[in-house]
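**Student:** Sharing a structure with you now.
Each reported figure results from applying straightforward, stated rules to the coordinates on display, with no laboratory input. These numbers were taken from a predicted model, which means no experiment stands behind them. Backbone-built Cβ (ideal geometry, glycine too); neighbour counts: all protein chains shown.
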Amino acid sequence: MTIETAELDDAEVIRRSAGDPEQFATLFDRYARQIHLYAARRVGTQAADDIAAETFLAAFRRRGSYDPAFPLARPWLYGIATTLIARHRRQEERMLRALARTGVDPLPEPMADAVVSRVAARDKDRELAGALASLSRGDRDVLLLVAWEDFSYEQVAQALGIPLGTVRSRLHRARKKARAALGDEEPI
Amino acid sequence: MSTIKDFRRDTPPMTARAEDAARARLLAAARERELRHGPRHARRLGRRIAVAGALAVAVGTTVVVARDRPRAVPVASVRELGERAAQAAYDDRGQVPGPGQWLYIKELQAPYRGALGVDLSRRVVSEEWTSVDGKQVASLFPNGKLLVQGNHPGLGAADLAQQPVTPESVLGRIRVTLEDLDRRTWRSGPAPSMDEQLFQAVYQLMGTLALPPDVRAALFRGLATIPGVSVTEDVADAAGRRGVAFSYTGRDARYDLILDPVDFRFLGTYGVQTADGTDPEIKAGTPLTLTARLDAKLVDGAGQK
């Protein structure tokens, strides 16, 4: 019973948080920053602040339904974050289209060097932004989890609650569109 | 580097201020949960059941469905189920665990579905090992690495088999351990009732240990005496085998420990959300766990089969 929290896998942390809810903060410490970054890349840092916080509140409320057969909770948490990101779909697509059109990424960035990165958008980024904006939300979810977060197909299936075959077909479709936009260059 | 990977790569990280605010919100929710509801032990029980496979009866007994098997006789009450399961426990001598050995448990599970319960249409196989002294539980990471963790409540077969072995004495011994753990464990909210803790501990012990017949019999009889435990007739496990169950209904979920209706061998578990309430995303009727034990045997080390 005297096990250090650092040794526990996510499933065990979640199990213990049933009796001792504050243990759930361990999961926050493990994953909040990466989930924030993922959300910020899609919908901007301001929205990401809310999404990261809401992801862990929702996960905390649903922790009773977590399947302990999965030692790592990362796909589960990204699944919840994805649902929250979906609420910002219009904003996400609007910003992608603006980048495609103007070459300036309107993604809100509070850092001082934001201006530099805003004007430095490459042609490829403009084309890619247009392609990403044209994808269906489901296709975009799969593509970005694989490309940015290095999810395996199984993890994507687990995160989004969809069959493996659907992961494959969505990724295939998304890659094809991205490739076409980039002039046959491999997108991932 | 590929194009999509580089896209918006320079997005700034979460600020310390945002991180602190989000973490504080989570902790506030956790503390509020404890103050308002107390720890959710019915859920914790269900999770543990799903992990452990519960009710480790019939160690070393293989699954045999004889063509001329005797017919199941309906059980009238949870007391009767406890009594008949206890009698059946005596008939199964099982294996005698040696010191340093582990109990290997293999089960079929319905995998979890996104964040909402389990997918009843699919199955995965899970494997777990528990040390005979009840102090450790081990499982394999997908990469083959063995993860060994502490087990709750840390009692072993030898602790429970001390004479006299009666339902009262065995439950009493578990109660003392739980009370001791309670004193040593920091809680920010009120502790769950001792009935709830006892129920959980009994299923956990039966689920993860190779226990002698008299201890199993005493635990079955003891289970039936814990308030809130009832009988559910005709529940299917993850392998489609139908059985009779000891059931426990908590605030918003019910969990079934499914036994063979004829020989009362442990079959598996089922858990279902029974009320909307606490989590708006999980509706009443959502399946929370479904398992079927495929194998349980003593081995000389964690990771062995």
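**Student:** Determine the alpha carbon to alpha carbon distance for each of B:106/B:145; A:176/B:145; A:124/A:176 and list only those over 25 Å.
**Tutor:** A:176/B:145
**Student:** Along the charge dipole of segment A:8-87, pointing to its positive end and built from +1/-1 on Cβ of Lys, Arg, Asp and Glu, which listed residue (A:26, A:39, A:8) has its Cα farthest out?
**Tutor:** Result: A:39, furthest along the dipole toward the positive end.
**Student:** Take the Cα gyration tensor of chain A, multiply each eigenvalue by 5, square-root it, and list the three semi-axes largest first, rounded to whole angstrom.
**Tutor:** 33, 20, 13
**Student:** For a quick check: sort A:172, A:36 by the number of other beta carbons within 10 angstrom, fewest at the front.
**Tutor:** Going from sparsest to densest Cβ surroundings: A:172, A:36.
**Student:** Which angle between 0 and 90 degrees, to the nearest 10, do you get for helix A:74-86 versus the longest principal axis of chain A when only C-alpha atoms count?
**Tutor:** It is inclined by approximately 50 degrees.
**Student:** Among B:104, A:66, rank each residue by its count of other Cβ atoms within 10 Å, from fewest to most, as a rough exposure measure.
**Tutor:** By the 10 Å Cβ count, ascending: B:104, A:66.
**Student:** Among A:80, B:226, which comes first, second and so on when ranked by fewest other beta-carbon atoms within 10 Å?
**Tutor:** Placing the least packed residue first, the sequence is B:226, A:80.
**Student:** Residue B:177 versus residue B:32, label points 7 Å from Cα toward the beta carbon: distance in nm?
**Tutor:** 3.7 nm
**Student:** Compute and list, largest first, the equivalent-ellipsoid semi-axes of segment A:8-87 from the alpha carbon gyration tensor, each √(5λ) rounded to a whole angstrom.
**Tutor:** Taking √(5λ) for each Cα gyration eigenvalue gives 22, 11, 11 Å.
**Student:** Could you work out how far apart the two model spin labels at residue B:15 and residue A:168 are, taking each label as a point 7 Å from the Cα in the direction of the beta carbon, and quote it in nm?
**Tutor:** With each label placed 7 Å out from Cα toward Cβ, I get 4.6 nm.
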